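Everything on this sheet refers to the single structure shown next.
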Amino acid sequence: MISLIFKFINFGIIIALIVYAFKRYGLPLVVSQIKAGEKYKHDLAVDRSELFVSQTLLEQEVHDQEQQCVALSKKIDQWNEVVADQLRQKEVQSQAIREITNQRRKHQSEQYSLQKTKHTLTGCVEKRLKQELIVYFADEKLAHNYIQQTLSRIEKK
């Protein structure tokens, strides 16, 4: 019976040592692992909420950029229309300038032809006039009358 009591006492001491060792070394390790797990869960929850906030911000930024793209596309379209209109206006102005230039060249050509004809005609008229005057003034009486009339006109002036 005493041996049974010692067995129980030894068993109790062994259990007490196991409980003591568990409390001394095992329990802090388990508690730290539980705290680490809870901290990990908490960090994951914080990261998850931060990711949701980041996702919301990114979605808003994407939406804003899409609106900016639409606005820029409209501005580009307007710019293209303005540039096309300016090109059309420049083409119209260029056509008008070409027409004016062509008219000036035509006018200059006509003026040149007119001057050339005038010069040619003047030479022909002078020759003919000389011939007619030589024939007309061949008669001395007519020549004398013409000179008298011319001198009287000059004196009146």
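Any read-out appearing in this document is the output of simple, stated calculations on the displayed coordinates, not a laboratory observation. Predicted model, so just to flag it, every value in this text is computed and none were measured. Every residue, glycine among them, receives a Cβ derived from its backbone with ideal geometry; neighbour counts consider all protein chains shown.
Could you list, ordered by first residue, the pairs with Cβ atoms under 8 Å in which the first is in the stretch 10-29 and on the phi < 0 side of the Ramachandran plot and the second is not aromatic (Phe, Trp, Tyr), at least 6 apart or interchain? Every condition considered, no pair remains. Of the residues screened, Lys75 is not one that is over 48 Å from the mean Cα position of the chain (by Cα) and either among the hydroxyl-bearing types (Ser, Thr, Tyr) or assigned to a helix (DSSP H, G or I) (or both).
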